[in-house]
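To start, the structure under review is shown below, and the notes come after it.
The values are calculated or read from the model by the stated rules, or taken from the named source; none is laboratory data. Since we're looking at a predicted model, the values are computed, not measured. Note that we place each Cβ from the backbone using ideal geometry, even for glycine, and neighbour counts take in every protein chain shown. The accessibility values were calculated without ligands, DNA or RNA, using every heavy atom of the protein model including side chains. Shrake-Rupley method; radii C 1.70, N 1.55, O 1.52, S 1.80 Å.
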Amino acid sequence: MTDLERRYARWTALFYPADYRRERGSELVDTYLSLATPDRKRPSAADVADLAAGGLRQHLRIAQGLGPGFRLAGLLALATLAAFATGWAIFEAVASTAPWFPQRGPFLSLGVPAWAAWLLAVVVHVVAPGRWFRWAVGLAVLVTAGSVVLAAMVTGMHRPPLFVLLPQLVLGIVALGAIGWQPWWVRLIPLAAAAASVPVAASTAPRFVFSGGYYYDAAATALPAAAVTLLIGGALLALGLAARHDYRGVWALLILLTPIGMLALNSLGAMLDDSGPGRPVTPAWSSMVAASVLVLVVGLLSMPLAIAARGRLSSGGRDGPGRTPGTGSAIQRG
Amino acid sequence: METPLREPTFLILTALAGEPLHGYGLIAEVDRLSGGHISLRPGTLYGALDRLVDAGLVRVDHEEIVEGRRRRYYQLTEPGGEVLATETERMRRNVDAATARLRAIQAAPRLSGGVA
């Protein structure tokens, strides 16, 4: 074996799933070697990039249930954000305002248009779950982000705290996985979640008073509770589906890790906050930023790591989308 | 397999419409057929071949061991030939339509334009 062949084999081993490499590794290397000029000593950068892209494609092929997992995660995320948008909208409408609360404009806070935009996206998902839903989510993201910018620019304008808006934005991005026509009863699930949150919010909201620190007390309880519910519900769903060899629930749970972490931002930030006793309801800004970065990094890394781990594991079987041409009955040894 | 086929996929099927070819032979044949415009890389080629085999349009004809490395030869299947024929006919209609329009433009007298 030449050095060049060994190097191609090493790159193939690094990028491709184990099963695929066993079946196709030497064939791939043979083709690269046939294309290489006689004076080549090591694989070119373009070849390494091609191996990386090809390996990624194969990892995605064998990640059974990944596509349906995105759809399931999208649906659960949409149901969660629908419940929150409804709950917070009622909260703003029902909770009484403190006498000193400096209300300006038609809304108590800039949260109202943001929650309305998210609820519009939930309704659009029922009637037009394709392109229009994508546009509706885009609009809701813009209105939500716009509320932060506007509140920063105009004195006296209030907005929900970032630890409330950030999970909503992340849930919205994950909800894009729910794009596409599904049975009508599936499309109604987010709307049902919104309806279910109405009595809870309506009965809870009168206990709170709008002031400079509005949202904080309610969010500190509601967001972690939703995180735990989503985590346990997602895990049970994943286990139930996995028992039937349907792995979309596992992928959905992995995808939902980021929004779940964002929902628990307050609790995670408090764990990182070392300001000691007597600290405020909301942890220090730096702790919240550190917690959100941690959640984002762990969430974003978990997917590629899981896909790579799936590729490293020897499946033993040759059925499904990961099968290779050499394993089919069509082979005629000549 | 979704149609219309992408150009590399169409050229791979065209290349395999002749004798069975292995990876390197297939890359060289696609390069020749496209006049040097499409240079497939192995990672891309085998990704496309996997999809074509899964769709039943291509199959492994035979394999041999060369210098300790496996070399598979691929061949067009009957359904693959039908897809290629359908796609070729569709493209032929497009080419005929475009050719007729271009001839009409060339034959028509210029009504305006040019420097006075």
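Descriptive notes on the structure:
- A:L166 being in a helix (DSSP H, G or I), at pLDDT 95 or above, within 19 Å of the chain's Cα centre (by Cα) and surrounded by 20 or more Cβ atoms within 10 Å (Cβ to Cβ): no
- Remark: A:L256 matches the filter, which requires a residue to be modelled with pLDDT of 90 or more, out of contact with any strand residue (DSSP E or B) (no Cβ under 6 Å at 6 or more places or on another chain), assigned to a helix (DSSP H, G or I) and open to solvent by less than 30 Å² (accessible area, probe 1.4 Å).
- Unmet criterion (only one of (1) away from every other protein chain (no Cβ under 14 Å); (2) more than 29 Å from the chain's Cα centre (by Cα); (3) open to solvent by less than 20 Å² (accessible area, probe 1.4 Å)) for A:T12: (1)
- Annotation note: of B:V95, B:V58, B:V83, the sole residue that is open to solvent by less than 30 Å² (accessible area, probe 1.4 Å), under 21 Å from B:L13 (Cβ atoms) and aliphatic (A, V, I, L, M) is B:V58.
- Looking only at segment A:127-139, and only at residues there that are in contact with a Leu (Cβ under 7 Å, 6 or more places away or on another chain) and open to solvent by less than 80 Å² (accessible area, probe 1.4 Å), the one that is farthest from A:A220 (Cα to Cα): A:A136
- Residue list for segment A:21-48, filter: more than 9 Å from chain B (Cβ to nearest Cβ) and not charged (D, E, K, R): A:A36, A:T37, A:P38, A:P43, A:S44, A:A45, A:V48
- Of the set (1) on the phi > 0 side of the Ramachandran plot; (2) at pLDDT 90 or above, all apply to A:G74 but (1).
- Within segment B:45-79, considering residues that are closer than 18 Å to B:E29 by Cβ and basic (K, R), the one nearest to the other protein chains (Cβ to nearest Cβ): B:R59
- Residue check for A:F84: assigned by TED's automatic domain parsing to the domain that holds A:A218, within 30 Å of A:F163 (Cα to Cα), touching a Gly at 6+ places or on another chain (Cβ under 8 Å) and modelled with pLDDT of 90 or more: no
- Residue in segment A:300-319 that is part of a loop (DSSP other than H, G, I, E, B), away from chain B (no Cβ under 14 Å), modelled with pLDDT of 50 or more and open to solvent by 70 Å² or more (accessible area, probe 1.4 Å) present: yes
- Considering the conditions (1) among the small types (G, A, S); (2) under 17 Å from the mean Cα position of the chain (by Cα); (3) open to solvent by 20 Å² or more (accessible area, probe 1.4 Å), A:G172 is excluded by exactly one of them, (3).
- Criterion applied to A:A220, A:A202 was being in a helix (DSSP H, G or I) and more than 26 Å from A:V126 (Cβ to Cβ), and the one residue passing it is A:A220.
- Residue satisfying condition, being more than 10 Å from every other protein chain (Cβ to nearest Cβ) and surrounded by fewer than 20 Cβ atoms within 10 Å (Cβ to Cβ), within set A:G74, A:G65: A:G65
- Verdict on A:P183 being on the phi < 0 side of the Ramachandran plot and without any contact (Cβ under 8 Å) to a residue 24 or more places away in the chain: yes
- Residue satisfying condition, being open to solvent by less than 40 Å² (accessible area, probe 1.4 Å) and closer than 30 Å to A:V198 by Cβ, within set A:L81, A:L33: A:L81
- Consider segment B:7-25 and keep the residues that are in a loop (DSSP other than H, G, I, E, B) and in contact with a strand residue (DSSP E or B) (Cβ under 6 Å, 6 or more places away or on another chain). The one that is farthest from A:D30 (Cα to Cα) is B:A17.
- Verdict on B:P8 being more than 13 Å from every other protein chain (Cβ to nearest Cβ) and surrounded by 12 or more Cβ atoms within 10 Å (Cβ to Cβ): yes
- Meets criteria (of a type in the set (G, A, S), open to solvent by less than 20 Å² (accessible area, probe 1.4 Å) and assigned to a helix (DSSP H, G or I)) for A:A121: yes
- A Cβ distance below 8 Å, combined with a sequence gap of six or more or placement on separate chains, defines the contacts here; from segment A:33-46, residues that are free of Cβ contacts under 8 Å to residues at least 40 places away in the same chain and within 16 Å of B:L40 (Cα to Cα) reach residues that are among the basic types (K, R) and open to solvent by less than 40 Å² (accessible area, probe 1.4 Å) in the pairs A:L33/B:R69.
- For segment B:11-55, a tally of residues being among the aliphatic types (A, V, I, L, M), open to solvent by 20 Å² or more (accessible area, probe 1.4 Å) and more than 20 Å from A:Y32 (Cα to Cα) returns 4.
- Test result for A:G55, touching a residue at least 12 places away in the same chain (Cβ under 8 Å), within 14 Å of chain B (Cβ to nearest Cβ) and open to solvent by less than 80 Å² (accessible area, probe 1.4 Å): yes
- Selection status of A:G328, within 14 Å of another protein chain (Cβ to nearest Cβ) and at pLDDT below 65: yes
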